[in-house]
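Asker: Provided herewith is a single structure, encoded as structure tokens, for subsequent inquiry.
The values are calculated or read from the model by the stated rules, or taken from the named source; none is laboratory data. Keep in mind it's a predicted model, so treat the numbers as computed, not measured. Note that we place each Cβ from the backbone using ideal geometry, even for glycine, and neighbour counts take in every protein chain shown.
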Amino acid sequence: MSSTNASQRVLMRLAWPAVIENLSATMVIMVDSAMVGSLGAAATAAVAVNASPSWLMGGLAGSLGVGATALVSRMIGAKDREGAQRTASQALLLGFVLSTAMMLFALLGAPLIPRLMGADPAIHTDAASYMRLIGLAFIPHYMGMTAGALLRGAGDTRSPMRASLLSHLINITFNFLLIYPTRPLNVLGIGFTMPGAGMGVQGAAIATAMANATAGLYLLRLLLKGRGALTLPDIRRLRPEREMAGRILRIALPAGMERVSINVGQIVFAGMVASLGTHTLAAHHLAITVESLGYMPGFGFSVAAATLVGQNLGAGDYQRARHFGLRAIGTGTLLMSVSGVLMFIFAHQLIALFTPDPAVRQIGAMLIRICAVEQPFSALSIIAPGALRGAGDTVAPFRVALVSMWGVRLVLAWLLGSVLGLGIRGIWYAMVIDLGVRGILLLLRFLRGHWQHTRV
């Protein structure tokens, strides 16, 4: 077997479970969107108004995982198992503190979110209730995200995939039972009565919380039991360790600031959309949901790039680290380009899966075709920073994201959407240009090779 084929096999072995994991996670969102969408535009908007704050909190939890993955992968590559254990222990302690803070924010700040987002007052109650209910699961959910990042850093991408599939199964099951009232159904000519609680938006929130909590607890259990190259000491022996916690945070904080800059920008961006009316907001949310399907190869190869770059740097093989980074970028970009073509062709069919509302369908199909064009650039903006983060270089992605989001997307969204009067179309054009600028700059950063000398 040639070295090229061997490296491709290694890359795919790590990437495909991550692709399925993220696909399953996206399916959870899509199922919620489709089921809630069947309740009408107001219900969809109540869920949509919480999307950006939820992404922000998830991004903060994910940034901690970035630091954990970078350090664990380096130590696994250097065969430093004790260091990997110490990293995992401190990451879990930090994850507990962070997830507790976000749970309190969700419980106490839920009524403020729809007001700050400028949403229609008619959806404020449902929107606040949704955030409170999903917030109850934040501790196991976000600690599970940290556990999943640690397992990936050790080269185990299959366990997080299994957790995501489990979450998807639970979410679908309880969506059926909680969202809709008891009703007659006919499947393949067999009639029966389907029990249901008829809780609407609240039912969707409870199902999501149950799914997230179960997946998180599953990953925590795997990590605490010991998994492959990464085995934790007895949980009763976990103690704060300032030096190691500091190393994690040194990598995680720029990644966290990157997520904050992007997600706060997305909140402002979503606020621009919300001001255009309930139907436009619902279409925007559903189109973003469809667009996220195209991201799946990018996320998978980003995970693989981070793990392989980190492990090879830990082993002192800089050339092999660069090789895996470039191969991940190339393969992922090709696959996302294909998904963009499919999204453009089947835009109307895709949006029709999520809503019966003709007005929402018309706007949503237009938006899906706009975002289909930017898929190759989205690939670069996802995979290139993954490779950089695997090396511990989180400062450059933060700087690029800050400039691109606030200096390109939001400025152009205002100019194109409001000043030139293009509305939602102009706002989405701005998003496409932002991702193009971000992807190209991050690719150039990786090609220059400064990340090879990053201290972690």
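Asker: Among the candidates ASP357, ASP434, single out the residue that is buried (at least 17 other Cβ atoms within 10 Å of the Cβ), farther than 17 Å from ASN263 by Cα and charged (D, E, K, R).
Answerer: Going through ASP357, ASP434 in turn, just one is buried (at least 17 other Cβ atoms within 10 Å of the Cβ), farther than 17 Å from ASN263 by Cα and charged (D, E, K, R): ASP357.
Asker: Further question: Write out, first by first residue and then by second, each pair whose Cβ atoms fall under 6 Å of each other, whose residues are 6+ apart or on separate chains, and whose first residue, in the stretch 80-100, is touching a residue at least 40 places away in the same chain (Cβ under 8 Å) while the second is assigned to a helix (DSSP H, G or I) and of a type in the set (Phe, Trp, Tyr).
Answerer: Filtered contacts from the stretch 80-100: SER99/PHE138; SER99/TYR142.
Asker: Of everything in the stretch 123-142, what is out of contact with any Ser or Thr (no Cβ under 6 Å at 6 or more places or on another chain), touching a residue at least 60 places away in the same chain (Cβ under 8 Å) and β-branched (Val, Ile, Thr)? Give them in sequence order.
Answerer: ILE123
Asker: Moving on to the next point. Does GLN90 meet the test of being surrounded by fewer than 22 Cβ atoms within 10 Å (Cβ to Cβ) and closer than 30 Å to TYR318 by Cβ?
Answerer: no
Asker: Got a sec? Which of GLY423, GLY386, GLY417 is surrounded by fewer than 19 Cβ atoms within 10 Å (Cβ to Cβ) and either small (Gly, Ala, Ser) or farther than 28 Å from ASN312 by Cβ (or both)?
Answerer: GLY423
Asker: Now, a different point. So which residues in the stretch 401-424 are on the phi > 0 side of the Ramachandran plot and either part of a helix (DSSP H, G or I) or among the acidic types (Asp, Glu) (or both), if there are any at all?
Answerer: Scanning the stretch 401-424 gives a single hit, GLY423.
Asker: Answer yes or no as to whether GLY40 is closer than 20 Å to ALA147 by Cα and surrounded by fewer than 20 Cβ atoms within 10 Å (Cβ to Cβ). Show your work before the answer.
Answerer: On the way: closer than 20 Å to ALA147 by Cα: no; surrounded by fewer than 20 Cβ atoms within 10 Å (Cβ to Cβ): yes.
In short, no.
Asker: From (1) in contact with a Gly (Cβ under 9 Å, 6 or more places away or on another chain); (2) within 25 Å of VAL268 (Cβ to Cβ); (3) at pLDDT 90 or above, pick out the condition that doesn't hold for GLY67.
Answerer: Going through (1) in contact with a Gly (Cβ under 9 Å, 6 or more places away or on another chain); (2) within 25 Å of VAL268 (Cβ to Cβ); (3) at pLDDT 90 or above one by one, GLY67 breaks only (2).
Asker: Name the residues in the stretch 441-452 that are more than 15 Å from GLY332 (Cβ to Cβ) and in a helix (DSSP H, G or I), would you?
Answerer: Of everything in the stretch 441-452, those that are more than 15 Å from GLY332 (Cβ to Cβ) and in a helix (DSSP H, G or I) turn out to be LEU441, LEU444, ARG445, LEU447, ARG448, HIS450, TRP451, GLN452.
Asker: Just to be sure before I move on: is LEU238 more than 30 Å from GLY37 (Cα to Cα), crowded, with 18+ Cβ neighbours inside 10 Å and modelled with pLDDT under 90 in the structure I sent?
Answerer: No.
Asker: Which one of the conditions (1) closer than 30 Å to GLY77 by Cβ; (2) in contact with a Cys (Cβ under 8 Å, 6 or more places away or on another chain) does ALA287 fail to meet, given that it meets all the rest?
Answerer: Just one mismatch for ALA287, condition (1).
Asker: Let me confirm something: among ARG445, ARG425, ARG399, ARG409, which residue is among the charged types (D, E, K, R), under 16 Å from SER302 (Cα atoms) and in contact with a helix residue (DSSP H, G or I) (Cβ under 9 Å, 6 or more places away or on another chain)?
Answerer: The conditions single out ARG445.
Asker: Report, by residue number, each residue of the stretch 184-211 that is surrounded by 10 or more Cβ atoms within 10 Å (Cβ to Cβ) and either in contact with a Ser or Thr (Cβ under 6 Å, 6 or more places away or on another chain) or farther than 15 Å from VAL36 by Cβ (or both).
Answerer: Hits for the stretch 184-211 are LEU185, MET194, PRO195, GLY196, GLN202, MET210, ALA211.
Asker: Within the stretch 18-36, identify whether any single residue is part of a helix (DSSP H, G or I), without any contact (Cβ under 8 Å) to a residue 24 or more places away in the chain, closer than 21 Å to ARG152 by Cα and not small (Gly, Ala, Ser), and answer yes or no.
Answerer: no
Asker: While we're here: Can you work out which of the residues in the stretch 337-355 that are of a type outside the set (A, V, I, L, M) and in contact with a helix residue (DSSP H, G or I) (Cβ under 8 Å, 6 or more places away or on another chain) is farthest from SER381 (Cα to Cα)? Outline the logic, then answer.
Answerer: Pass one, the stretch 337-355, residues of a type outside the set (A, V, I, L, M): 337, 339-340, 344, 346, 348-349, 354-355.
If we keep only those that are in contact with a helix residue (DSSP H, G or I) (Cβ under 8 Å, 6 or more places away or on another chain) as well, we get 337, 339-340, 344, 348, 354-355.
Working: SER337: 13, SER339: 16, GLY340: 15, PHE344: 20, HIS348: 26, PHE354: 27, THR355: 30 Å.
This residue is THR355.
Asker: Can you confirm whether PHE398 is of a type outside the set (D, E, K, R) and not in a helix (DSSP H, G or I)?
Answerer: no
Every residue, every condition in (1) of a type in the set (A, V, I, L, M, F, W, C); (2) buried (at least 23 other Cβ atoms within 10 Å of the Cβ), yes or no:
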{"residue": "MET244", "(1), (2)": "yes, no"}
{"residue": "ARG247", "(1), (2)": "no, no"}
{"residue": "ARG250", "(1), (2)": "no, no"}
{"residue": "LEU253", "(1), (2)": "yes, no"}
{"residue": "GLU258", "(1), (2)": "no, yes"}
{"residue": "GLY265", "(1), (2)": "no, no"}
{"residue": "VAL268", "(1), (2)": "yes, no"}
{"residue": "ARG320", "(1), (2)": "no, no"}
{"residue": "ALA328", "(1), (2)": "yes, yes"}
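Asker: Same structure, new question: Would you mind telling me which numbered condition in (1) assigned to a helix (DSSP H, G or I); (2) farther than 18 Å from SER292 by Cβ; (3) more than 21 Å from the chain's Cα centre (by Cα); (4) of a type in the set (D, E, K, R) ARG389 fails?
Answerer: Single failed check for ARG389: (3).
Asker: Would you be able to tell me the number of residues in the stretch 158-187 that are assigned to a helix (DSSP H, G or I) and not polar (S, T, N, Q)?
Answerer: Looking only at that region, the number is 15.
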